[in-house]
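The structure that follows is given in the form of structure tokens.
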Amino acid sequence: MIEHKTMQILCVCDENTTRSVLLEHHLESLGFNHVSSVGIAPASFSNPLVEEILAAENINIAAEDPESVEDVDLDAFDLIISLSKKAYEYLKLLKAQGGLGDAELEYWDIASPPPFGEITRAQLLEGYMRIYEDIKAHTKNRFDV
């Protein structure tokens, strides 16, 4: 069995702006050495509110452009964690076709981020914090950290 912190882990959501980025940097803050994040349909911008939430946790990241699942070698990962149902269905199909190599595929049911423009900034931050807390709880349960 591979030690958790040396596993090659890929975090996948829809746009690679919120859930997968939060999980990637949370795992890195816990000492996981090989973590990446992608989206199945990446957005064209990074999410400044995610940077703000992570900064409040003393996790500083540089804004990175979202990346596509098509831009990574899925065979290189030990564990692929899907954080959206849409991404999970896509990855499950790839796995059935042999496209994930030996990677273990997991689905973590994490709520979608609240939409920009429909609620206040404070409500957005509150929604994002709930997502981050849910990600931390899933991480603790999965890796016992």
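The values are calculated or read from the model by the stated rules, or taken from the named source; none is laboratory data. For clarity, every value in this text was computed on a predicted model and none was experimentally measured. When we count neighbours, we look across all protein chains shown, and the Cβ atoms used for this are built from the backbone with ideal geometry, even at glycine.
Can you tell me which residue within segment 12-41, out of those that are under 15 Å from A55 (Cα atoms) and among the polar types (S, T, N, Q), is farthest from the chain's Cα centre (by Cα)?
This residue is S29.
If you go through segment 81-92 one residue at a time, do you hit one that is closer than 18 Å to L22 by Cβ, under 17 Å from the mean Cα position of the chain (by Cα) and among the charged types (D, E, K, R)?
The answer is yes; a qualifying residue exists.
Still on this structure, please answer the following. Tell me which residues, restricted to segment 88-121, are aromatic (F, W, Y) and assigned to a loop (DSSP other than H, G, I, E, B).
Within segment 88-121, W108, F116 meet the criteria.
Now for a different question. Suppose we filter segment 42-76 for residues that are hydrophobic (A, V, I, L, M, F, W, C) and loosely packed, with under 14 Cβ neighbours inside 10 Å; how many remain?
6
Hey, can you tell me all the residues within segment 117-145 that are within 14 Å of L49 (Cα to Cα), surrounded by 11 or more Cβ atoms within 10 Å (Cβ to Cβ) and either free of Cβ contacts under 8 Å to residues at least 12 places away in the same chain or of a type in the set (D, E, K, R) (or both)?
I119, Q123, E126, R130 - these are the residues of segment 117-145 that are within 14 Å of L49 (Cα to Cα), surrounded by 11 or more Cβ atoms within 10 Å (Cβ to Cβ) and either free of Cβ contacts under 8 Å to residues at least 12 places away in the same chain or of a type in the set (D, E, K, R) (or both).
Given (1) within 25 Å of N141 (Cα to Cα); (2) in a loop (DSSP other than H, G, I, E, B), where does V50 come up short, assuming only one miss?
Unmet condition: (2).
Another one. Please work out which one of (1) surrounded by 15 or more Cβ atoms within 10 Å (Cβ to Cβ); (2) modelled with pLDDT of 95 or more is the condition P114 fails and give its number.
It is condition (2) that P114 fails.
Considering only residues of segment 1-38 that are in a strand (DSSP E or B) and of a type in the set (S, T, Y), which is surrounded by the fewest Cβ atoms within 10 Å (Cβ to Cβ)?
S36
So, one more: Just one of L10, L22, L30 is within 18 Å of A111 (Cα to Cα) and either at pLDDT 90 or above or among the polar types (S, T, N, Q) (or both); which is it?
None of the others qualify; the one that does is L22.
Could you check how many residues of segment 102-111 are out of contact with any Leu (no Cβ under 6 Å at 6 or more places or on another chain) and either aromatic (F, W, Y) or surrounded by fewer than 14 Cβ atoms within 10 Å (Cβ to Cβ) (or both)?
Residues in segment 102-111 being out of contact with any Leu (no Cβ under 6 Å at 6 or more places or on another chain) and either aromatic (F, W, Y) or surrounded by fewer than 14 Cβ atoms within 10 Å (Cβ to Cβ) (or both): 4 in total.
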